[in-house]
Amino acid sequence: MFWNIDNERDERKTQFIENIKIRKCHDLLSPLSDKLLAWDHGEISPDEVISAALHAGKTGTTIISDFKKRPEVILAGIAMDENKYLTAIGDTGISVRQANVTDVFSDAIICPVPEDGSMRTGTALVIRGEAGDEVEEELKTGIKENAQGVITTTSGRLATGKIIHVLTGGQGAVTEKRLIESISEALRMAEELGSETLAIPGFFPEAAGLNREVCASAILKALRAHEAENVQKAILADPDEDTMKAWIDILEKMDEEE
């Protein structure tokens with residue numbers, strides 16, 4: 001059983017890294033493609049095309065070299081580049097990144113969604129866009145069958161293990177206490193799934209009626225109260241800079257208190 005779990009996790013790591021390599025390849029070659037098209041239309045000189053090709057070749061050589069490394073080394077390098085703050089809460093390592101939860105390797109993603117299960121805004125929209133519409137369909141079926149605060153689905157095309165959806169309610173329906181309880185329930189679900197690494201977004205503005213600082217505080221309070229067994233690392237990931245700063249401000253104060 002443990003071999004199967006490890007093998008499945010290694011396969012997801014490989015898929016996650018391959019997705020990054022494809023994205024880097026696209027980002028590298030798209031400008032060159034644009035230059036070639038412009039040259040074909042007589043809009044730029046051959047020298048500009050050659051310069052772009054040389055840049056692509058040099059950068060591409062570095063990318064090829066970087067991605068020949070072992071998956072653990074590649075992921076560690078990404079973490080070194082992207083982590084904005086590192087600490088620990090109890091036995092759980094905490095890192096803060098300015099990124100989408102889909103941009104980090106994890107065993108489970110916590111996703112805030114409205115009570116109808118629609119994944120049309122915020123973090124949920126990003127996840128649905130990369131995981132596929134079937135995740136939203138699975139979520140809505142799960143809500144109909146068991147309308148609890150936390151629903152787990154498969155991850156579709158994403159390289160994560162599971163998606164743990166937290167129902168955030170309607171306008172004015174969320175309090176800090178309720179949000180802490182919901183995130184705590186999601187953490188317990190992650191333990192049941194055997195997840196080692198979690199990706200957690202900022203829950204703002206999905207948690208209607210709460211500002212980003214309260215949401216950030218609620219997440220950290222839930223992590224502080226949680227007794228981790230399987231969960232070894234929580235990656236707090238959100239593209240919003242102010243959310244990232246809110247996490248860091250609270251974590252710095254927590255570290256000073258210890």
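The values are calculated or read from the model by the stated rules, or taken from the named source; none is laboratory data. Since the structure is predicted, the reported quantities are computational estimates derived from the model, not experimental observations. Ideal geometry is used to build each Cβ from the backbone, glycine not excepted, and the neighbour counts take in all protein chains shown.
Asn7 passes every criterion in (1) within 19 Å of Lys69 (Cα to Cα); (2) over 21 Å from the mean Cα position of the chain (by Cα); (3) modelled with pLDDT of 95 or more apart from (3).
Any residue at all in segment 87-100 that is farther than 30 Å from Ala207 by Cβ, surrounded by fewer than 12 Cβ atoms within 10 Å (Cβ to Cβ) and not small (Gly, Ala, Ser)? For segment 87-100, residues farther than 30 Å from Ala207 by Cβ, surrounded by fewer than 12 Cβ atoms within 10 Å (Cβ to Cβ) and not small (Gly, Ala, Ser): absent.
Kindly check whether there is at least one residue in segment 44-67 that is hydrophobic (A, V, I, L, M, F, W, C), at pLDDT 95 or above and in contact with a Phe, Trp or Tyr (Cβ under 8 Å, 6 or more places away or on another chain). Scanning segment 44-67 turns up at least one residue that is hydrophobic (A, V, I, L, M, F, W, C), at pLDDT 95 or above and in contact with a Phe, Trp or Tyr (Cβ under 8 Å, 6 or more places away or on another chain).
Looking only at segment 116-147, filter to residues that are among the β-branched types (Val, Ile, Thr) and under 18 Å from the mean Cα position of the chain (by Cα); which one of those is farthest from Leu193 (Cα to Cα)? Across segment 116-147, the extreme among qualifying residues is Thr121.
Among the residues here, Ala38 does not qualify as over 27 Å from Ser155 (Cβ atoms), hydrophobic (A, V, I, L, M, F, W, C) and in contact (Cβ under 8 Å) with a residue 12 or more places away in the chain. Of all residues in segment 55-79, none that is touching a residue at least 24 places away in the same chain (Cβ under 8 Å) has its Cβ atom under 8 Å from the Cβ atom of a residue that is loosely packed, with under 11 Cβ neighbours inside 10 Å, 6 or more apart or on another chain.
Residues in segment 152-182 that are over 26 Å from Lys13 (Cβ atoms) and not polar (S, T, N, Q): Leu167, Gly169, Gly170, Gly172, Ala173, Val174, Glu176, Lys177, Arg178, Leu179, Ile180, Glu181. Scanning segment 26-50 for residues that are touching a helix residue (DSSP H, G or I) at 6+ places or on another chain (Cβ under 7 Å) and either under 21 Å from Gly161 (Cβ atoms) or assigned to a helix (DSSP H, G or I) (or both) returns Leu28, Leu29, Pro31, Leu32, Lys35, Leu36, Trp39, Pro46, Glu48, Val49.
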